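Let me begin by presenting the structure, written as structure tokens, before commenting on it.
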Amino acid sequence: MMQASSSKTSRIASSVHDVTAEKPPFGSRFLTDEANVWSQNAWDHVPPPDDQQEAIASALARQKLAPVPETERSKYNEKPAKHWDNFYKMNANNFFRNRKWLHLEFPELVKAAELEAGLMTIAEIGCGAGNAVFPLLSANTNPQLQLRAYDYSSHAVKLVQTNPLYISPPAGSIKAAVWDLSSDQLPSEVEPESVDIIILIFVLSALHPSEWRRAVSNVHKMLKPGGMVLLRDYGRYDLTQLRFKGGRLLEDNFYIRGDKTRVYFFDLDELALLFTGSHAPKSAHSHSAVQVVEETDDGAQSDSASSPFATPSPSTPPDAPASPSANDGPSDSPSTTTTVPPIPLSTSSIHPSLLHASSGSNPQLFSIEQLGVDRRLIVNRKRQLKMYRVWMQAKFRKLPSVSKQESP
């Protein structure tokens with residue numbers, strides 16, 4: 001059970017661990033005494049409450065009683081870019097927050113932006129208003145860094161192209177263009193196997209499940225052998241999934257929002273099957289032996305003070321990923337442990353389009369360098385609300401052995 005106190009540790013590592021690490025690092029703010037839950041806005045790796053399974057079952061049953069009528073589903077899948085165009089038109093100035101947590105979750109981006117990094121090409125697909133690419137560009141000191149930003153919303157691309165950093169980058173270069181990740185062709189200016197890193201932040205969840213394989217195929221074609229995919233997306237049974245009311249369910253775990261944009265909530269095995277052709281390793285499902293480190297406030301350091309990606313930005317959207325807790329700096333304090341039980345998974349949690357992949361008929365295109373669940377308890381102290389958030393995070397590396405092989 002919970003220990004006798006709460007702790008706030010320095011934020012020095014990713015909230016999702018390396019699957020090859022013997023003692024994987026975890027996020028930095030742990031709730032060890034339920035009495036202190038209202039003392040912070042967010043807590044890392046909080047186990048779901050005892051009644052969470054009941055809440056999940058109740059929410060899903062309610063949604064299935066009133067799904068989107070079958071006759072109306074096609075209209076939401078025909079022109080998704082149009083709905084994202086409307087989204088960016090409506091929210092151009094009051095919605096977006098720069099992703100200051102990228103330097104912690106994906107230090108590969110920091111290294112690529114260093115002065116001596118040499119020629120590097122990074123493509124952000126599903127760039128939106130540039131809230132990942134612009135913090136990277138503003139911190140860049142590498143004159144040979146080439147940034148590419150793609151989105152199938154033409155209005156989103158216009159927002160990127162009119163940003164002062166795009167017009168006059170401090171170092172390196174940046175190009176933005178309209179491109180659909182699920183299309184049959186790569187962007188006109190991108191040669192096969194020419195990209196070092198591809199960023200996919202809340203992108204695959206916006207596609208129809210039938211488009212996933214084509215999207216991953218395009219990513220594979222763009223990347224150099226040994227190139228990396230840095231991914232973060234919505235996780236199964238996230239708060240936002242359970243909050244959907246009637247008339248929003250397109251199919252299992254796939255919904256239409258009020259603004260008519262789509263969202264899918266992933267399971268770890270689905271992402272593993274998409275990129276590697278196999279289920280996720282057991283270590284990715286593990287949530288046990290979380291380290292709780294006691295630390296005084298004297299050792300805390302603001303994220304905005306230490307992060308090379310920290311830039312001013314508007315407020316966070318209601319369903320956007322909460323940035324990791326805002327404390328950097330090492331700690332040598334003693335630690336204790338608490339156990340976080342995993343939510344049981346079943347074969348039925350995998351989308352039908354991916355089930356045949358488990359038979360081994362697909363080549364392994366990528367290896368897993370990181371794959372895990374980022375669980376957070378977000379607290380509304382004023383209204384005394386507890387909100388359980390779930391995100392998927394991964395790093396996949398393109399395998400040189402299949403670099404010349406046709407993707408699925």
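Give me the accessible area of VAL178, 1.4 Å probe, in Å² rounded to the nearest 10.
Near enough 80 Å² of accessible area.
For a 25 Å ceiling on Cα separation, which of these pairs sit above it: LYS111/LYS224; LYS89/LYS175; LYS64/LYS89?
Too far apart for the 25 Å limit: LYS64/LYS89.
Calculate, in nm to one decimal, what GLN40 and GLN53 gain on full extension: separation in residues at 0.36 nm each, minus their alpha carbon distance.
Length gained between GLN40 and GLN53: 2.1 nm.
How would you rank 115-122, 126-133, 391-398, 218-225, highest first, on the average number of other Cβ atoms within 10 Å across their residues?
126-133, 391-398, 218-225, 115-122
Only Lys, Arg, Asp and Glu count, each charged at its Cβ (+1, +1, -1, -1), so figure out the dipole size of segment 131-196 about its Cα centre, rounded to 20 debye.
For segment 131-196, the charge dipole is close to 360 debye.
Going highest first, how would you order 101-110, 179-188 by mean Cβ packing within 10 Å?
In descending order of packing, they fall as 101-110, 179-188.
Under the classification rounded if a/c is under 1.5, otherwise prolate if a/b is larger than b/c and oblate if not, where does segment 84-193 fall, given a ≥ b ≥ c as square roots of the Cα gyration tensor eigenvalues?
Oblate, since a/c reaches 1.5 and b/c is not below a/b.
The values are calculated or read from the model by the stated rules, or taken from the named source; none is laboratory data. In this text, all values refer to a predicted model and were calculated from it rather than measured experimentally. Backbone-built Cβ (ideal geometry, glycine too); neighbour counts: all protein chains shown. Please note that ligands, DNA and RNA were not included when accessible areas were found on the heavy atoms of the full protein model with its side chains. Shrake-Rupley method; radii C 1.70, N 1.55, O 1.52, S 1.80 Å.
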